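Each remark here refers to the structure printed beneath this line.
The values are calculated or read from the model by the stated rules, or taken from the named source; none is laboratory data. As the structure is a prediction and not an experimental result, all values here were calculated from the model. Cβ sites come from the backbone with ideal geometry, for glycine too, and all protein chains shown count toward neighbours.
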Amino acid sequence: MQFDRPATTNPIDRLKVVGQPIRRIDGQLKTTGRAMYAYEWHDTNTPYAYGYPVGAAIAKGRIKSIDISAAEKAPGVLAVVTAPEVGERKKGKFNTAKLFGGDQVQHYHQAIAVVVAETFEQARAAATLISVDYAEEKGSFDLRQAMDTAVKPASGDPDSGAGDFDTAFKAAPVTFEESYSTPDQSHAMMEPHASIAVWEGDELTLWTSSQMIDWWRSDLATTLDVDKEKIHLMSPFIGGGFGGKLFLRADAVLAAFAAKAAKRPVKVALPRPFMMNNTTHRPATIQRVRIGAQRDGKITAIAHESWSGDQPGGQPEAAVMQTRLLYAGENRMTAMRLATLDLPEGNAMRAPGEAPGLMALEIAMDEMAEKIGIDPVEFRIINDTQVDPEKTERPFSYRNLIGCLKTGADHFNWSARGRPGSRREGNWLIGMGVAAAFRNNIHFPSGARVRLNAEGVVTVETDMTDIGTGSYTIIAQTAAEMMGLTIDKVAVQLGDSRFPVSAGSGGQFGANCSTAGVYAACVKLREAVSQKLGFNSADVIFENGEVRSGNRAVPLAEAAGSKGLVGEDTIQWGNLTETHQQSTFGAHFVEVGVDVATGESRIRRMLAVCAAGRILNPVTARSQVLGAMTMGAGGALSEELAVDTRRGFFVNHDLAGYEVPVHADIPHQEVIFMDETDPMSSPMKAKGVGELGLCGVSAAIANAIYNATGIRVRHYPITLDKLIGGLPDVA
Ligand code: MOS
């Protein structure tokens with residue numbers, strides 16, 4: 001199905017199942033332990049062997065030699081595979097640093113060997129017996145030092161602008177300029193990267209934890225130099241990804257090599273202390289924001305520049321993207337510069353670009369509002385735009401940022417906010433902060449197959465993944481709505497490379513794109529049913545388990561017949577994202593308390609108001625936003641991969657040292673969805689919320705801390721050492 005005109009009324013608009021607060025259909029499988037995750041695959045008779053990875057102990061250089069003799073003789077060991085022995089391999093399209101192979105070391109904990117043994121403990125013990133002789137080289141590990149050598153990246157649209165920023169900024173009656181920084185962050189998802197590999201002849205079956213089945217399959221084929229058709233990949237359940245499982249990772253490659261060497265199925269999970277340096281992370285940024293405005297608050301000039309680093313051949317963290325679209329202003333410029341760093345590969349983490357970008361921009365907006373003397377909610381409303389400010393002939397498809405800000409301000413009792421440092425309860429300084437949320441609506445083609453059987457049950461098959469987001473449920477809702485069934489008459493099978501290629505889970509596009517693909521397949525199935533019954537497919541109604549035309553009604557089970565019926569299609573996207581800017585919007589409101597004695601910040605209340613098209617399921621969507629708000633709390637207050645700038649690695653590489661929020665850090669959270677549909681987005685008229693919920697949260701917290709204390713912290717995370725010197729006396 002080609003989607004190139006705005007959606008009109010369709011069966012989804014009935015909203016009997018779609019849009020309803022249906023609890024996740026895979027919930028029971030998960031809570032009873034019957035949902036099989038990558039490391040738990042019990043679906044073969046051959047006993048597994050266990051692979052344990054060995055990571056490079058230097059950040060940059062060459063392996064001169066590896067001595068595996070002691071490891072090979074250790075109890076239970078079946079095989080040892082080393083990177084020099086495997087040799088240089090072609091790199092997958094989506095990987096910047098290589099995953100395994102050759103003697104070059106590009107970053108700390110890059111995989112250099114895998115030990116296979118009968119038990120996990122034997123493999124782990126033997127791995128410690130491997131000794132490596134390195135030729136270490138000097139690397140570049142410090143973004144601030146490397147800033148001077150940063151260059152304009154070759155791809156990724158680094159520069160943009162309109163009008164004449166420099167002249168307008170000089171002429172503006174009120175000007176503001178500040179720099180901000182965000183640290184490297186780790187996805188730190190609950191389920192580690194894990195794979196089980198089984199070879200039968202030259203065919204590989206890999207059970208893994210992947211957000212993007214088809215990307216992984218292609219890149220695994222390239223890396224192993226195997227025909228893609230010979231690889232069967234499965235990832236039906238995933239314990240979180242956040243972008244860390246978008247691209248093929250070392251566990252899959254190690255498992256494949258290890259299984260080949262041991263001639264046995266092999267399981268490899270990355271040990272937790274391995275994950276921070278072996279896999280990808282969100283790169284640190286240094287950002288500069290300049291804003292010029294009139295005294296009435298209208299922005300006349302806005303500039304946002306960002307510096308980040310990555311491995312050679314990598315991409316910048318696109319922290320300026322939202323500034324191209326969020327606020328009006330005739331004169332503008334954005335720029336991204338990229339330094340070469342020899343740290344582990346930087347790559348996408350939940351709302352890549354916007355999440356760190358808004359951490360800077362939305363503090364800057366708070367600072368500028370104060371400088372002009374306007375309420376920060378009002379300042380954002382004054383500078384709303386209904387067109388792409390860089391290309392003013394392009395309207396937004398639908399944009400209700402103002403509605404989010406106003407609704408949130410009312411609901412949160414924003415008018416009770418006082419002057420900075422003016423509200424105190426005992427030793428607690430109390431403050432409120434606001435920030436806008438913004439994230440684009442992205443489209444990828446998405447395919448699905450739907451089968452109707454003689455029991456009247458519809459089974460959906462697509463390689464879409466569910467990373468904990470609720471894909472199973474919204475896909476079932478879509479098929480149920482389209483076929484006029486209740487949700488218990490729909491089965492959903494995901495995450496298998498034998499199924500049609502979907503958009504996958506990423507960039508908050510999964511919900512809208514994958515359900516649109518299911519919509520397209522159901523249209524085909526409806527046609528097949530109509531054709532079989534001799535109905536005119538234009539005037540049939542699918543309802544209550546029947547298909548009706550005029551006064552004739554046939555149960556779907558009967559229409560299916562003993563052979564059943566199948567519909568399959570892929571949704572393809574036209575140019576509605578070129579003619580219209582499609583984005584999602586929101587507003588975050590936060591209240592914090594800061595202890596004057598300790599400098600400890602505690603979040604007291606959080607509210608997110610989201611405008612993201614049709615909400616397909618308010619329960620799963622709300623969970624997405626709550627999780628994202630929690631992640632934003634971590635980003636504001638605790639999360640930071642600490643770089644050892646001499647040796648070149650992330651020091652706090654476990655969940656003891658890398659601090660994410662726990663229940664006690666998160667008190668009251670509320671989510672409000674604006675009632676809207678966006679017919680430009682898809683036949684579902686939906687967008688996504690999984691990343692929107694994170695965008696802006698950390699800045700709202702920073703702004704609340706400023707309002708509480710009068711101390712402006714521009715370098716995340718806002719730990720107590722950055723506050724304590726400026727706090728008033730203990731009462
Ligand atoms: Mo998201 S960072 O595209 O999983």
For the condition of a type outside the set (A, V, I, L, M) and farther than 24 Å from residue 187 by Cβ, what is the one hit in 260, 245, 267? 260
Residue 239 - would you say it is surrounded by fewer than 22 Cβ atoms within 10 Å (Cβ to Cβ) and within 25 Å of residue 510 (Cβ to Cβ)? yes
Looking for whichever is in contact with a strand residue (DSSP E or B) (Cβ under 7 Å, 6 or more places away or on another chain), within 16 Å of the ligand (Cβ to nearest atom) and on the phi < 0 side of the Ramachandran plot here; the options are 511, 479, 491. Which one fits? 511
Options 699, 628: the member that is within 21 Å of the chain's Cα centre (by Cα), within 16 Å of the ligand (Cβ to nearest atom), buried (at least 22 other Cβ atoms within 10 Å of the Cβ) and modelled with pLDDT of 95 or more: 628
Scan the stretch 691-715 for residues that are touching a Gly at 6+ places or on another chain (Cβ under 6 Å) and assigned to a loop (DSSP other than H, G, I, E, B) and jot them down. 710, 711
From 300, 279, 222, which residue is within 16 Å of the ligand (Cβ to nearest atom) and among the β-branched types (Val, Ile, Thr)? 279
Identify, by number, the condition in (1) touching a His at 6+ places or on another chain (Cβ under 9 Å); (2) within 16 Å of the ligand (Cβ to nearest atom) that residue 496 doesn't meet. (2)
Restricting the stretch 120-135 to residues that are within 36 Å of the chain's Cα centre (by Cα) and loosely packed, with under 15 Cβ neighbours inside 10 Å, the residue that is nearest to residue 65 (Cα to Cα): 128
So, in the stretch 574-597, exactly how many residues are within 16 Å of residue 421 (Cα to Cα) and outside any strand (DSSP E or B)? 2
Kindly indicate whether residue 520 is surrounded by 24 or more Cβ atoms within 10 Å (Cβ to Cβ) and of a type in the set (A, V, I, L, M). yes
Might you let me know whether the stretch 381-389 holds any residue that is assigned to a loop (DSSP other than H, G, I, E, B) and within 16 Å of the ligand (Cβ to nearest atom)? no
Under 7 Å by Cβ, and 6 or more places apart or on different chains, what pairs join a residue from the stretch 6-21 that is in contact (Cβ under 8 Å) with a residue 40 or more places away in the chain and under 13 Å from residue 487 (Cβ atoms) with one that is among the aromatic types (Phe, Trp, Tyr) and surrounded by 15 or more Cβ atoms within 10 Å (Cβ to Cβ)? none
Just one of (1) more than 16 Å from the ligand (Cβ to nearest atom); (2) part of a loop (DSSP other than H, G, I, E, B); (3) touching a helix residue (DSSP H, G or I) at 6+ places or on another chain (Cβ under 7 Å) trips up residue 688, so point out which. (1)
On the given criteria, is residue 136 charged (D, E, K, R) and within 22 Å of residue 643 (Cα to Cα)? yes
Of the numbered conditions (1) surrounded by 24 or more Cβ atoms within 10 Å (Cβ to Cβ); (2) under 18 Å from residue 184 (Cβ atoms); (3) aliphatic (A, V, I, L, M); (4) more than 16 Å from the ligand (Cβ to nearest atom), residue 655 satisfies every one except a single condition; which is it? (1)
So if I check each of 310, 366, 375, which one is within 16 Å of the ligand (Cβ to nearest atom), modelled with pLDDT of 95 or more and on the phi < 0 side of the Ramachandran plot? 310
Residue selected from the stretch 601-625 under the condition among the charged types (D, E, K, R) and either touching a Leu at 6+ places or on another chain (Cβ under 8 Å) or closer than 30 Å to residue 11 by Cα (or both), by the criterion surrounded by the fewest Cβ atoms within 10 Å (Cβ to Cβ): 622
Only one residue in 32, 46, 9 is closer than 25 Å to residue 233 by Cβ, surrounded by fewer than 19 Cβ atoms within 10 Å (Cβ to Cβ) and among the polar types (S, T, N, Q), so which one is that? 46
So residue 488 fits all but one of (1) over 24 Å from residue 572 (Cα atoms); (2) outside any helix (DSSP H, G or I); (3) at pLDDT 95 or above; what number is the exception? (2)
Is it true that residue 358 is away from the ligand (no atom under 16 Å from the Cβ) and either within 30 Å of residue 214 (Cβ to Cβ) or part of a helix (DSSP H, G or I) (or both)? no
I'd like the full set of residues that are in contact with a helix residue (DSSP H, G or I) (Cβ under 7 Å, 6 or more places away or on another chain), away from the ligand (no atom under 15 Å from the Cβ) and in a helix (DSSP H, G or I), limited to the stretch 323-355. 323
I need every pair where a residue in the stretch 558-570 that is crowded, with 19+ Cβ neighbours inside 10 Å and in a strand (DSSP E or B) has its Cβ under 9 Å from the Cβ of a residue that is at pLDDT 95 or above and among the polar types (S, T, N, Q), sequence separation at least 6 or different chains. 565/453; 570/446; 570/502
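Results for (1) of a type in the set (A, V, I, L, M, F, W, C); (2) out of contact with any strand residue (DSSP E or B) (no Cβ under 6 Å at 6 or more places or on another chain), shown as yes or no for each residue.
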{"site": "613", "(1), (2)": "no, no"}
{"site": "651", "(1), (2)": "yes, no"}
{"site": "655", "(1), (2)": "yes, yes"}
{"site": "671", "(1), (2)": "yes, no"}
{"site": "705", "(1), (2)": "yes, no"}
{"site": "710", "(1), (2)": "no, yes"}
If residue 672 satisfies every condition in (1) part of a strand (DSSP E or B); (2) over 30 Å from residue 518 (Cβ atoms) but one, which is the exception? (2)
Tell me whether the stretch 395-409 contains one or more residues that are touching a residue at least 24 places away in the same chain (Cβ under 8 Å), of a type in the set (Ser, Thr, Tyr), more than 16 Å from the ligand (Cβ to nearest atom) and in contact with a Pro (Cβ under 9 Å, 6 or more places away or on another chain). yes
Which numbered condition trips up residue 88, out of (1) closer than 24 Å to residue 210 by Cβ; (2) without any contact (Cβ under 8 Å) to a residue 60 or more places away in the chain? (1)
